[in-house]
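Encoded as structure tokens, the structure appears first; notes follow it.
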Amino acid sequence: MSQFKYRPEIDGLRAIAVLPVVLFHANLGFTGGYVGVDVFFVISGYLISALILKEMEAKTFSMGNFWERRIRRIFPAALAMVAVTIIAAWFLLLPSQSIVFGRSVWAQAVMLANVRFWRNSGYFSGEAETNPLLHTWSLAVEEQFYVVFPIALFILVRYWRKLLLPSVIVMIILSLAAAVVMMSRDSMAAFFLLPFRAWELLAGTLLAVLPMTFMPKKGAVREILGWLGLGLILWPVFAYQKDTSFPGFTAIPPVLGAALVIFSNGGEAGLNTIGKLLTNRFLRFIGAISYSLYLWHWPVMAFVRYVSPHDLTPAQGVLTIAASFVLGILSWRFVERPFRNRDFLPGRNRIFVIAGALTAAVVAIGFCFQFIDRGLRFRFDDHILAIADGDVDRGGMKSVISQKRLDRGELTRLGALDVPAKLMIIGDSHALASSGALDRICAEKGVGLFAAMAPAQPPFVDTWSTHVKREKGVNFIETALKLAKEKGVTDLLLVARWTLYTRNDHHSIGDTYFICDDELTATDQQSAETVFRRGFERTLATAREAGIRLWVMREVPGQDVDVPRSLGIRTHLGMETASFHRTEEDYRELTTFADALFEEFAGPDLQILDPSPLLIDESGQYYPAGRNGRAMYFDDDHLSDYGAELIREVFVPFINAAQASSEL
């Protein structure tokens, strides 16, 4: 299939790739629409490889010409999108998000966006969904591939032509195998990084290097392959979900489907039914603008998400798609098409110099967002900054302790450091978030306190969450309780986000936090509640045997928005914020199981603390997200240090217990 000519059905296939991606991001029901990116990889691998092979066979290939074409094809439209995004970010992004954005700006400019997002966020996480340059990860994967691949292809064609086909097959197998293995070790690396995505581009290369004799001649075979290919693309578009394990094996259907559509329409036999459908004028037009549409749809949707309290509504989804099409068409007509013509800004060196200078300028702008005045804070009034700073108001989070310290017999000391500690707190990140206030009130009252706190750690004996390894979870609690007994602790407080372990109530799609023990690995709410009860009963029994009175704190009412960001930007824009609160009904329904379990065992050796009444504001509104012009949370569910200070009185009975025991 190395013969290269314009194939109109591939423009139609581009439309089949881009539309699910856009509709998925708009929350309009295409739950697996993200596989459209994989279809793009196959198309890109085929077209670029076929063109390179054609030029190599004609002995006209050069890396200079190749990269001039890539720059003309990719750079101008991407630069236009980034420039407009930077302007919008100047007016909209709060300081913390500006720092994150700045990193994304320079990373995409130097073709490292995929590495940046792998190291700092997941594709489906809350932070990622409001980052207007998240989608540039796929462009970085392609450009990294084309830095290395043409050289490898040139060497194979020049010196080992007979090894070209088997070499491509071996590379596909190795890359796919690596992706499958990496999915169990670092799924975000498998998602974002080139070594684990290269096989998808190479699948397109394979089509380009296959001899023409491989092409199906019979019409029935071509029809079957065409329909099968389209089905393999569309099935995951509707069947996959955000939490589907992806890529790895699950990327095979869309990749194979795209390859079959291209393969079954190649050669001299003409187009099959699918090929003819794909040459429909509408689909070919969508395919023609697909690159610009892909570039513009995500920033539009990300900024709308950023200023909205919740995810896109159907109406917002439709409007953002309409806006994306308008911007995409304008970009295609006035940016893409002119620059592809070599008569526009003629001269390869001229193109390289301009592209290099503009890249350096974009990198410099990214550094400005990242490093100047902690995210260009001078853009905002002080009262906006007071709200926005809630996301860095994490005074207690520094008290996390490692297993190594526990193994050495160490515990974190809080409160008064010059008196023996009789109290102890064990818990997860919710315990960490509230520990700053507990530390201060203990210090004021002259009470010492031990602490053993770590994220995603249910504070029950012989349990762990699916987010951490068994050994880490079990050893953490076992060692902490052993040290509590050795150090003469009389009262032990457990603080956690209880619903995280029974309902997997978390916004980072793809991660799970269900509670587990050696009898059962929970996979749903019912099984998690069974394990939760067992773990709690074991913990209560262990405390009783050690002569330690147990205390539990009910879960802090969380919010369903990123509080500092949503309150800050909407206040800045003069938009409504009164709806940012958790209702009493929602909170009680969410925490019913854990609350009922604690009440069932409440008594002299199990005391319950309830922070929720302290989070009702002066007007009687239940659980607002902010108070007195400040954010009460540093994200959607963790109390900021300011918020923790509002519930400090909940700890008084616990502290009084220590003072009472010291008087005996």
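The values are calculated or read from the model by the stated rules, or taken from the named source; none is laboratory data. In this text the structure is predicted, and so the values were computed from the model without any measurement. Methodologically, a virtual Cβ is constructed for each residue, glycine included, from the backbone with ideal geometry; neighbour enumeration extends over all protein chains shown. Note: accessible area is taken over every heavy atom of the protein model, side chains too, but ligands, DNA and RNA are not part of it. Shrake-Rupley method; radii C 1.70, N 1.55, O 1.52, S 1.80 Å.
Brief remarks on what is shown
- Near-label residues of segment 573-604 by backbone N, under 19 Å of a point 7 Å along Cα→Cβ of Ala315: 575-580
- Projected label distance in nm at Arg119 and Leu163, using a 7 Å step from Cα toward the beta-carbon: 3.4
- The simple Förster model, with R0 at 30 Å and r as the Cβ-Cβ distance, assigns Ile155 and Asn349 a FRET efficiency of 0.70.
- Accessible-area composition of segment 84-241, carbon plus sulfur, in percent [1.4 Å probe]: 74
- Ellipticity at 222 nm from helices only: DSSP H runs of n ≥ 4 in the chain, each -39500 (n - 2.57), divided by the residue count, give -18500 deg cm²/dmol.
- Cα gyration tensor shape of segment 1-60, rounded if a/c is under 1.5, else prolate or oblate by comparing a/b with b/c: prolate
- Rounded, prolate or oblate (a/c below 1.5 giving rounded, otherwise prolate when a/b exceeds b/c) for segment 245-379 by Cα gyration tensor: oblate
- Within segment 384-445, trypsin sites (Lys or Arg not before Pro) in DSSP loop having at most 14 other beta-carbon neighbours inside 10 Å: Arg408
- Across Lys398/Lys472; Lys5/Lys218; Lys404/Lys469; Lys422/Lys485; Lys422/Lys445; Lys404/Lys482, pairs whose alpha-carbon gap is larger than 18 Å: Lys398/Lys472; Lys5/Lys218
- Averaged per residue, segment 198-356 has 45 square angstrom of accessible surface, using a 1.4 angstrom probe with ligands and nucleic acids left out.
- Long-range HN-HN contacts of Leu449 with modeled amide H, under 5 Å: Leu414, Ala416
- 5 angstrom amide H check on Ile616, placed H, neighbours 5+ away: Tyr623
- Using 0.36 nm per residue and subtracting the Cα-Cα separation, the extra length available between Asp418 and Phe334 on full extension is 23.1 nm.
- A straight chain from Glu486 to Asp586 at 0.36 nm per residue would run longer than the Cα-Cα distance by 31.9 nm.
- Phi-derived couplings, Karplus 6.51 cos²θ - 1.76 cosθ + 1.60 at θ = phi - 60°, listed residue by residue for segment 638-649: 8, 4, 5, 4, 5, x, 5, 5, 5, 10, 4, 5 Hz, with x used for Gly and Pro.
- Shown here for segment 36-75: trypsin sites (Lys or Arg not before Pro) in loop regions (DSSP other than H, G, I, E, B) with at most 11 other Cβ atoms within 10 Å, namely Lys59.
- Peptides 221-231, 636-646, ordered by how many other C-beta atoms sit within 10 Å of their residues on average, highest first, read 636-646, 221-231.
- Overall, the anisotropy analysis places segment 381-478 in the oblate class: the square-rooted eigenvalues a ≥ b ≥ c of its C-alpha gyration tensor yield a/c not less than 1.5, with a/b not exceeding b/c.
- Under the Karplus curve 6.51 cos²θ - 1.76 cosθ + 1.60, θ = phi - 60°, whole-Hz ³J(HN,Hα) for segment 242-255, x wherever Gly or Pro sits: 4, 8, 5, 5, 7, x, x, 4, 5, 7, 5, x, x, 5
- Semi-axis lengths, Å, the chain, gyration tensor of Cα atoms, sqrt of 5 times eigenvalues: 54, 28, 22
- Candidates per chymotrypsin sites (Phe, Trp or Tyr not before Pro) in segment 129-181, loop by DSSP, up to 16 other Cβ within 10 Å: Trp160
- The length gained on full extension between Ser402 and Ala546, counted as 0.36 nm times the residue separation minus their Cα-Cα distance, comes to 49.5 nm.
- In terms of Cα atoms, the Rg and Dmax of segment 51-196 work out to 18.3, 57 Å.
- Residues within the reach of a label modelled at Lys59 (point 7 angstrom out along Cα to beta-carbon, backbone nitrogen below 17 Å), restricted to segment 139-177, are 154-155, 157-161.
- Between segment 74-97 and segment 172-207, the alpha-carbon center distance in angstrom: 30
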